[in-house]
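Heads up: the structure comes next, in structure tokens.
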Amino acid sequence: MRTTLRRKRTSRVDIPGPVRQSRAMHADPLTSPDTLSAALRETAYLPDEGLATVTWLAHALRRPLLLEGEPGTGKTALAEALAELQGVPLIRLQCYEGIEASQALYDWDFPRQILHLRAVEALAGSAEGGDADAVTRLEADLFDERFLQARPVLRALREAPCVLLIDEIDRADDEFEAFLLEVLSTWSVSIPELGVVSATTPPFVVLTSNRTRELHDALKRRCLYHWIEHPGLARELEIVRARLPQVEPELARQVVEVVQQLRAEDELVKPPGVAETLDWVRALAALGQSRLDPEVAAATMGAAVKYREDTERVRVALDRMLTR
């Protein structure tokens, strides 16, 4: 017999209470791509028309959203913004090489199970003639739900509505992708000792990939897909001003212009993403800069470039850009 297990949804929300209450008074942000785009902008996430449309469709059709693009283009930030504007938990599964299904789904609390077994042994030893029924009941409880440690995927099925972020899926292997197929198709998982756990409401699933390897067609078919490009100058400047409104406008403009030119350098191992742009602006602002000084820019470029091979190239490019 298939048993469906459900747990009362908890309020695991990281955003402050007042923000969540104020957003609850707004109209439903997911009624159309335009309203979704406007709501995301309130969280300081600025999507283009294509991204807002495919995100809304993923919600409306209850399909996972697969985002690919260079690191630092805002894939993970979109999932965070979606959770914030809906006032629901963000549950994150960070993928890595060698990750197994058990690390995404569930595990058993072995120390507590061992204590339970010792209690069983103590009861069996103290009972005159052996209380067989009591021992049997305690042994049956060994795989009770109280010993279950829910990992991100199981938590998402139980705590929905929520946003499940499966980050950098391209780092996982083929076997892990195959495990995800069942979850993304049926919104349920099987636990041999307990039964089937099904989501009352499917979570909003966002998968991200830096395309270090190609994902299988079977996974892609279950998702709506969008490639996120590096933004142009005007849009990136708008992003910086939205995220860092306290920064001097001239400093923000100069940094964005330099980053845009650095991305055009074909020799760079890893061009800076939007995340690096924001980090660089924060670093310069923390040093009290209101304009991009060549010496300070060279001293802080570790916020924007992460490879030794790029350091000298960027230093030369900065001298050329800022001294002309």
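Values computed for the structure shown
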item: Computed label-point distance, nm, for sites residue 144 and residue 307 using a 7 Å Cα→Cβ extension; result: 5.5 nm
item: Under 17 Å from residue 306, Cα to Cα: aspartates and glutamates that are on another chain or at least 8 residues apart; result: 70, 265, 266, 267, 276, 279
item: Label point 7 Å beyond Cα of residue 108 along Cβ direction - residues of the range 147-166 with amide nitrogen under 16 Å; result: 147-151
item: Spacing of the two label points (7 Å from each Cα toward its C-beta) at residue 265 and residue 286, in nm; result: 2.2 nm
item: Cross-link reach list, aspartates and glutamates versus residue 220, counting only Cα pairs under 16 Å and skipping chain neighbours closer than eight places; result: 68, 167, 168, 170, 173, 174, 175, 177, 182
item: Peptides 84-92, 265-273 ordered by average Cβ neighbours within 10 Å, highest first; result: 84-92, 265-273
item: Cα gyration tensor category, rounded, prolate or oblate, for the range 230-312 with a/c compared to 1.5; result: oblate
item: The range 28-92-the range 179-214 distance, computed between alpha-carbon centres (Å); result: 19 Å
item: Sorted peptide list for 176-186, 211-221, criterion being average Cβ within 10 angstrom, highest first; result: 176-186, 211-221
item: Cα→Cβ-extended label distance, 7 Å offset, between residue 227 and residue 186, nm; result: 3.5 nm
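Each value in this text was obtained by applying a stated rule to the coordinates, not by laboratory testing. As the structure is a prediction and not an experimental result, all values here were calculated from the model. Note that we place each Cβ from the backbone using ideal geometry, even for glycine, and neighbour counts take in every protein chain shown.
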